[in-house]
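Just below is one structure, and these are the notes that go with it.
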Amino acid sequence: MRDFDPDYWRRMDEERAFPTVFFEAAAELGYFGTLIPTVWGGSESGPAAASILVEEINRAGGDAAVANAQIALCGTLVRDGTDEQRERYLRDVARGQVRFITVAATESDSGADMSELRSAARRDGDGWILDVQKVLISMAEHTRLLLVLCTSPEGPVLFLLDREELGDAIEIHPTATIVNRMLSSVFIDELRLPDSARVGAPGQGLQCLMKGFAVRRALAAAESIGNARFLLDRSLEHARTRRTFDRAIGQNQGVQYPLAEAYAKVEAADLMRWAALELVLAGEEAGERSALAKILASEAAWETARAALTTFGGWGLTSELHVERKLRECSVHVFNNMLLNYVSHGVLNLPRAY
């Protein structure tokens, strides 16, 4: 990360650009094969290694979103892809020669409610016809492969699309946001696909995605923990060295207590992250622990960002100190209502919330 200091990421954020040079460097180091078996060109280092990579990118002041996606999404193909799909793509995904960083699932009317999808797939002889309208899709402009979730008479169906083969059949319209997540709306009209583009069984498309949720939550938690530790590192240094009224500002309870509370919450979230990963590595159910890890880590990072603003004062709002950028990045991860619903209903046995 010495070659990709916080100023590099500030430029990417200001330009709303894809971090191409970083992506290529990460590919050379073999990061993207972390969850891919060696038989398909990966290192099979596992989710714990992936978690450390993601955390350290953010702790160094970077934005691990593109690396996280390239590392994690291939898990769907590893688990439920066809032999043809795995043989064709996974080696190039591991080498970073093919970008596989996008899942198109959310829609304007359904949001996170995957039971109300309107993007439809219908049988057409030995293939399928797709009509797709998706919103808030990350990095669709910059990916070659994307997973698309559709409804069908048989239930949810998941497809792997190769943009090099789609031509003008897919429309992508960028959506401006407060952070460089490169969001877009995606539209596909009357696209015919062979059945070989399907991932998993018809009716099992959502389940194919859900199998990867525990790892994805653990990696999201790692992103938040990395962001929080970046902010803590800088805030503590500033609190020790910045002097006003003839003393270090870290002597003031209004500065040190928020940082101490943030530190406690980050460390607790980290423990839950590792508790979730231990279950994943043991092949055990990790839904509860991974949900708690993501909730705790995202909230801890958000509170750390607020404590950093208190520490830096007005300077924290300037772009060169990177606090305001990390504050915006932390805001992306605190949408936890669906996870809170899962914990309330699925873990605590409370009535389902509406």
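Compute the helix-to-body angle for 47-59: its Cα long axis versus the longest principal axis of the chain, expressed 0 to 90° and rounded to tens.
That helix lies at roughly 50 degrees to the long axis.
Please give the contour-minus-distance gain from residue 264 to residue 348: 0.36 nm per residue of separation, less the Cα-Cα distance, rounded to one decimal in nm.
Extending this stretch completely gives an extra 27.7 nm.
For residue 124, which sequence-distant residues (separation of 5 or more, or a different chain) have an amide H within less than 5 Å of its own amide H, given hydrogens modelled in the peptide plane?
Sorted by chain and number, the residues that satisfy this are 129.
Taking 19 Å as the cut-off for C-alpha to C-alpha distance, list the pairs among 265/294; 294/326; 134/326; 211/294 that go past it.
Violating the 19 Å limit, Cα to Cα: 134/326.
Measure out, as a whole number of angstrom, how far apart the alpha-carbon centroids of the range 194-265 and the range 284-354 sit.
7 Å
Loop-only GluC sites (Glu not before Pro) in the range 67-166, please: DSSP not H, G, I, E or B, and at most 16 other Cβ atoms within 10 Å. Could the numbers behind the result be given before it?
Numbers: sites: 84, 87, 107, 116, 141, 154, 164, 165; in loops: 154.
Of the GluC sites (Glu not before Pro), the ones in loops of the range 67-166 whose Cβ has at most 16 other Cβ atoms within 10 Å are 154.
Compute the length gained on full extension between residue 192 and residue 126: take 0.36 nm times their separation in residues and subtract their Cα-Cα distance, giving the result in nm to one decimal. All intermediate terms of the calculation are to be shown ahead of the outcome.
Working: separation 66, 0.36 × 66 = 23.76 nm, distance 1.03 nm.
Full-extension gain reported as 22.7 nm.
If you take volume of the Cα convex hull per residue in Å³ from the coordinates, which of (1) 140; (2) 198; (3) 131 do you get?
Correct label is (1).
What's the local net charge at residue 166, with K and R +1, D and E -1, over the other residues with C-beta under 15 Å away?
In short, -4.
Taking 8 Å as the Cα distance limit and 6 or more residues as the minimum spacing, I'd like the relative contact order of the range 212-347 as a percentage.
RCO, the range 212-347: 32 percent.
By how many nm would the segment from residue 5 to residue 52 grow when fully extended, if each residue of separation counts as 0.36 nm and the alpha-carbon distance is taken off?
15.1 nm is the gain from fully extending residue 5 to residue 52.
Can you give the relative contact order of the chain as a percent, counting alpha carbon pairs under 8 Å and 6+ residues apart?
RCO, the chain: 15 percent.
Using r as the Cβ-Cβ distance of residue 253 and residue 331, and R0 as 25 Å, what FRET efficiency do you calculate, to the nearest 0.05?
0.40
Report, to the nearest 10°, how far helix 83-94 tilts away from the longest principal axis of the Cα atoms in the chain, using its own Cα long axis and a range of 0 to 90°.
Compared with the principal axis, the helix lies near 30 degrees.
Given the rule -39500 (n - 2.57) for each run of at least 4 DSSP H residues, summed and divided by the residues of the chain, what is its mean residue ellipticity at 222 nm, to the nearest 500 deg cm²/dmol?
One gets -15000 deg cm²/dmol as the mean residue ellipticity at 222 nm.
Taking the 0 to 90 degree range and rounding to the nearest ten, how far is the long axis of helix 213-241 tilted relative to the main principal axis of the chain, both from C-alpha atoms?
Tilt relative to the chain: about 20 degrees.
Each residue of the range 141-150 in turn: what ³J(HN,Hα) in whole Hz from Karplus with 6.51, -1.76, 1.60 and θ = phi - 60°, glycine and Pro shown as x?
Karplus-based 3J(HN,Hα) across the range 141-150 equals 5, 10, 9, 9, 9, 9, 8, 10, 9, 10 Hz.
Each label point is 7 Å from the Cα along the Cα-to-Cβ direction; what then is the distance between the points at residue 210 and residue 25, in nm?
4.0 nm
Read-outs throughout are calculated quantities, based only on the coordinates presented, and are distinct from any laboratory measurement. All values derive from a computational prediction rather than experimental measurement. Virtual Cβ from ideal backbone geometry, glycine too; neighbours counted across all protein chains shown.
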